[in-house]
Amino acid sequence: MKKHYKSLLMDKNGLGQEGVRLTWLGTAGIFITDGKTGILIDPYVSRFSLSTIAFRLPLKPDRALIRNWAEKLGREKITAVIVSHSHFDHAADAPFFAIEAGAPLVGTESTVNVGRGAGLEESKLIAVKPGQTITFGDFTIEFIESVHGAAVLGRVPFPGTIDQPLVPPAAAGKYRLGGVFALLIEHPAGTILHHGSAGFKPGMYDGISVDVVLLGISGRGNTDRYLENVALKTRAKLVVPIHVDNFLKPLKDGMSFLPMVKFGEFCRKAQQHREAFIMRTAPLCKEVTMLPLDATILPGVDVQ
Ligand SMILES: [Zn+2]
């Protein structure tokens, strides 16, 4: 399966041209930049172990690792840090990236309380509501209300909201869901949808079409319905599965699949729609070209 993942990897083709580049940081963590402006979504590099989570030990974001990553991505290029929901694997590191970059942290009221608890100043906290739109450089981001996938034993883990500043270290269960956003990101080079958690609301994408969907696939339940309601509904031309990796292991260990993610099954289902969209995988921690699409999808390259 890992070989298959490798065979579909996006590459640096077209890098250096006008366009939008993507760096996947594992989980739903994505850095998108056009070279002038950078949007960092759900960055999570501390990757606490299974035993830390299971024994409800306090999660201490790895500031040194976060600093290294901010440096590597280019802290001056990180214009905003956006969180799609407040679970630890989306929100625990985000305020510290914002601090490193001097950038605002954007998300629900729950996310803002994660930022407050981490010591971000009020001027750097932006609470958004469903339907709201914010512009950073040439990127315009619409926050679309979504729902979380039934990720653990058919249920949404850690529901509820974070109503007080959440001071780390705090146990995983303290990172309550808050609301869930899908992010519709428009740029002159094309439109990207970050759909970080594998739930959906029927009709949420009525009238919306995109070029690329970054599709969180862990905890997705029925793959056909999921593809139908997100990738096909938005008429995406390129689908990049994210949140496929085992985030209970450190990033330095490289790519391995999250148990239960059923990547093979996802590929088979995705292939049935090859007339509609092409699927590509993102390499872990490497910058690749995403838009314009003709730089990403080489003519004549067949995807199996
Ligand atoms: Zn979650």
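Values quoted throughout were computed directly from the atomic coordinates according to the rules given, and no laboratory measurement underlies them. Small disclaimer: the values here were computed from a predicted structure and weren't measured. Positions of Cβ are backbone-derived with ideal geometry, glycine not excepted, and every protein chain shown enters the neighbour counts.
For the range 96-208, the Kirkwood radius over C-alpha pairs fed into Stokes-Einstein at 10 °C and 1.306 mPa s yields D = 104 µm² per second.
Other residues with beta-carbon under 11 Å from the beta-carbon of THR161 carry, at +1 per Lys or Arg and -1 per Asp or Glu, a net charge of -1. Placing unit charges on the Cβ atoms of the charged side chains and taking the dipole of the range 249-294 about its Cα centre, the candidate lying farthest along the positive direction among MET260, LEU291, ALA270 is MET260.
When the chain is treated as a GNM with alpha-carbon contacts under 10 Å, the residue of ARG235, ARG56, ARG220 showing the greatest mean-square fluctuation is ARG56. If one takes the longest principal axis of the Cα atoms in the chain, at what angle in degrees, from 0 to 90 and to the nearest 10, does the Cα axis of helix 63-73 lie? Tilt of helix 63-73: around 40 degrees. Approximating the spin labels as points 7 Å out from Cα along Cα→Cβ, the SER256-to-ARG235 distance works out to 4.3 nm. Each 10 Å bin, from zero up to the one with the longest distance, holds this percent of the alpha carbon pairs of the range 101-158: 20, 38, 32, 9, 0.
Treating each Cα of the range 1-141 as one equal point scatterer and applying the Debye formula with no solvent, the log10 of I(q)/I(0) at q = 0.17 Å⁻¹ comes out as -0.96. Computed packing ranks the peptides 138-145, 33-40 as 33-40, 138-145, most packed first, by mean other Cβ atoms within 10 Å.
Quick check: convex hull over the Cα atoms of the range 146-197, volume per residue in Å³, rounded to an integer? Intermediate values should be presented prior to the final figure.
Working: hull volume 5.9 nm³, N = 52.
Considering the Cα atoms of the range 146-197, their hull volume per residue is 114 Å³.
Note on LYS129: lysines with a C-alpha under 20 Å away, same-chain residues under 8 apart excluded, are LYS201.
Given charges of +1 on the Cβ of Lys and Arg and -1 on the Cβ of Asp and Glu, with all other atoms neutral, how large is the dipole of the range 2-296 about its Cα centre, in debye to the nearest 20? List each step's numbers first, then the result.
Details: 34 positive and 28 negative charges, 206 e Å.
Taking the Cα centre of the range 2-296 as origin, the dipole is about 980 debye.
Quick one: of the DSSP bridges fully inside the range 2-296, what percent are antiparallel, nearest 5? Among the beta bridges of the range 2-296, antiparallel pairing accounts for roughly 60 percent.
Considering only THR108, ALA198, PRO157, and ranking their Cα positions along the charge dipole of the chain that arises from unit charges at the beta-carbon of Lys, Arg, Asp and Glu, the one farthest toward the positive end is PRO157.
Among THR108, THR191, THR133, whose mean-square fluctuation peaks in a Gaussian network model of the chain (Cα, cutoff 10 Å)? In the Gaussian network model the winner is THR133.
When only alpha carbons are used to place a centre, the range 140-158 and the range 21-95 end up 18 Å from one another. Under a no-solvent Debye model with one identical scatterer per Cα of the range 2-296, what's log10 I(q)/I(0) at q = 0.09, 0.12, 0.13 Å⁻¹? The Debye formula, applied to the Cα set alone, gives -0.37, -0.69, -0.83.
If each DSSP helix of 4+ residues adds -39,500 (n - 2.57) and the sum is divided by the residues in the chain, what number results at 222 nm, nearest 500 deg cm²/dmol?
Details: 9 runs with 61 residues, N = 304.
Helix-only estimate at 222 nm: -5000 deg cm²/dmol.
If you run the Gaussian network model on the chain, springs between alpha carbon atoms under 10 Å, then out of SER51, SER86, SER256 the most flexible one is SER51.
Ordering 243-250, 22-29 by mean Cβ neighbour count within 10 Å, with the highest value first, yields 22-29, 243-250.
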